[in-house]
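First up is the structure itself, then whatever we jot down about it.
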Amino acid sequence: MKHTLFVIIFLSILGINLQAESEQNKKLFFEKNFQDSLNGNSDAQFNLGLMYYKGIVVEKDLGQAFYWYKEAALSGSIEAQNNLAHMYEHGDGVGKNTTLALQYYKMAANKEYVLAQLNLGLYYEMKQTKKSMIEAIYWYKKAAKNGAVAAQTNLAKFYYFGHNVKQDYKKAIYWYEKAAQQNDPVAQFNLALIYYNGEGVTKNYDRALSLLLSSADKGNMFAQQKLAEFYRAGTLVDQDYVEAMRYYQLAAQKKDNLSMYYIGYFYYYGHGVAVDKKKGIYWMQKAVDNGYANAKKFLERHNYK
């Protein structure tokens, strides 16, 4: 499973959103921060590091980014400590050094900086050893308690599957609920399935449907596909091929094979749309091209090869 380390990558310091500022104002902001950095201001040093890292106003320069992040980190900036750790971990503008990466992550994490706690959880999980997973869960719990959605969903996943912890649906539900309350579409989808299937909780179809709708509205492909299935079959909702088609089309935009298959099926047989065999075959072929075996079988049965 690919993990993404969370690093501060946008600049909005002291109430100034540089992405929305004019080039002149950005230059003035840089000059002020440069002078303040020379006077030891850790916030200004962090700002300079970030500007050099992202190439804002100045040409991207990882060496300068590293220098100013380190100055800020040594002055106590938890944001700089986290970003410096990331550079050490990945050899980004500096020689890779896991020892120093962990040292700086923990500097920030021990001051309750949630991104550093989350990054430590991700780092240790990627190691996939018994000892490292104990560390990963420890840091995920701290980050989750501080509101990190990714940590909440990862903990929920661990408890749901019993991965490196004793399987516990109630704890999985607890952390999925926390993430869902922050409008995380993946957590909402997984929680919907839990309520639908009654895993560790009384079945609650209204709650399941509400969560699916919310997740789908946020663009979650799996929720869109599941809703399409429900509308097609009349599960939890009145059967409605038009709504089914709408959700299949949304999921198909994200290359979902099953959705492409059913769009083709609906066009071919006229479910919720006028019969259009040409469009039906077109969508079946798209599913085939995406590797969906059932679409290939459909075409073969109907003598399209």
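The listed residues are GLY63, GLY121, GLY93, and the only one of them that is modelled with pLDDT under 95 and not β-branched (Val, Ile, Thr) turns out to be GLY93.
Yes/no per residue for (1) more than 26 Å from the chain's Cα centre (by Cα); (2) modelled with pLDDT of 95 or more; (3) closer than 24 Å to ASN154 by Cβ; (4) not assigned by TED's automatic domain parsing to the domain that holds GLN152:
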position: GLN19; (1), (2), (3), (4): no, no, no, yes
position: LYS32; (1), (2), (3), (4): yes, no, no, yes
position: LEU48; (1), (2), (3), (4): yes, no, no, yes
position: GLY55; (1), (2), (3), (4): no, no, no, yes
position: ALA73; (1), (2), (3), (4): yes, yes, no, yes
position: LYS111; (1), (2), (3), (4): no, yes, yes, yes
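Of all residues in the stretch 96-119, those satisfying the criterion of being β-branched (Val, Ile, Thr) and touching a helix residue (DSSP H, G or I) at 6+ places or on another chain (Cβ under 8 Å) are THR98, VAL114. Restricting the search to the stretch 147-164, which residues are surrounded by 16 or more Cβ atoms within 10 Å (Cβ to Cβ) and either in contact with a His (Cβ under 6 Å, 6 or more places away or on another chain) or assigned to a loop (DSSP other than H, G, I, E, B) (or both)? Correct list: ALA148 only. Considering the stretch 207-230, and only residues there that are outside the structural domain of ALA192 (by TED's automatic domain parsing), over 18 Å from the mean Cα position of the chain (by Cα) and among the hydrophobic types (A, V, I, L, M, F, W, C), the residue that is nearest to ASN190 (Cα to Cα) turns out to be LEU227. The set of residues in the stretch 261-275 being of a type outside the set (Gly, Ala, Ser), in contact (Cβ under 8 Å) with a residue 24 or more places away in the chain and either touching a strand residue (DSSP E or B) at 6+ places or on another chain (Cβ under 6 Å) or assigned to a loop (DSSP other than H, G, I, E, B) (or both) consists of HIS271, VAL273. Condition check: over 21 Å from MET107 (Cα atoms) and outside the structural domain of ALA180 (by TED's automatic domain parsing). Does THR129 satisfy that? When the stated conditions are applied, THR129 passes them. Every listed requirement among (1) crowded, with 20+ Cβ neighbours inside 10 Å; (2) within 24 Å of LYS170 (Cα to Cα); (3) not β-branched (Val, Ile, Thr) is met by TYR267 save one, (2). Helices (runs of 4 or more DSSP H) fully within the stretch 56-140 that include at least 3 residues being within 19 Å of ALA150 (Cβ to Cβ): 78-90, 98-109, 114-127.
For first residues located in the stretch 74-97 and free of Cβ contacts under 8 Å to residues at least 12 places away in the same chain and more than 14 Å from LEU118 (Cα to Cα), partners that are of a type in the set (Phe, Trp, Tyr) and part of a helix (DSSP H, G or I) and lie 6+ apart or on another chain with Cβ distances below 9 Å form the pairs GLY95/TYR88; LYS96/TYR88; ASN97/TYR88. Exactly one residue out of ASN164, ASN154 is within 15 Å of the chain's Cα centre (by Cα) and either closer than 28 Å to GLN225 by Cβ or not assigned by TED's automatic domain parsing to the domain that holds LEU227 (or both), and it is ASN154. Per the conditions (1) under 23 Å from the mean Cα position of the chain (by Cα); (2) in contact (Cβ under 8 Å) with a residue 24 or more places away in the chain; (3) farther than 18 Å from ASN183 by Cβ; (4) part of a helix (DSSP H, G or I), the sole criterion not satisfied by LYS254 is (4).
The values are calculated or read from the model by the stated rules, or taken from the named source; none is laboratory data. The structure displayed is predicted, hence computed values, not measured ones. Virtual Cβ from ideal backbone geometry, glycine too; neighbours counted across all protein chains shown.
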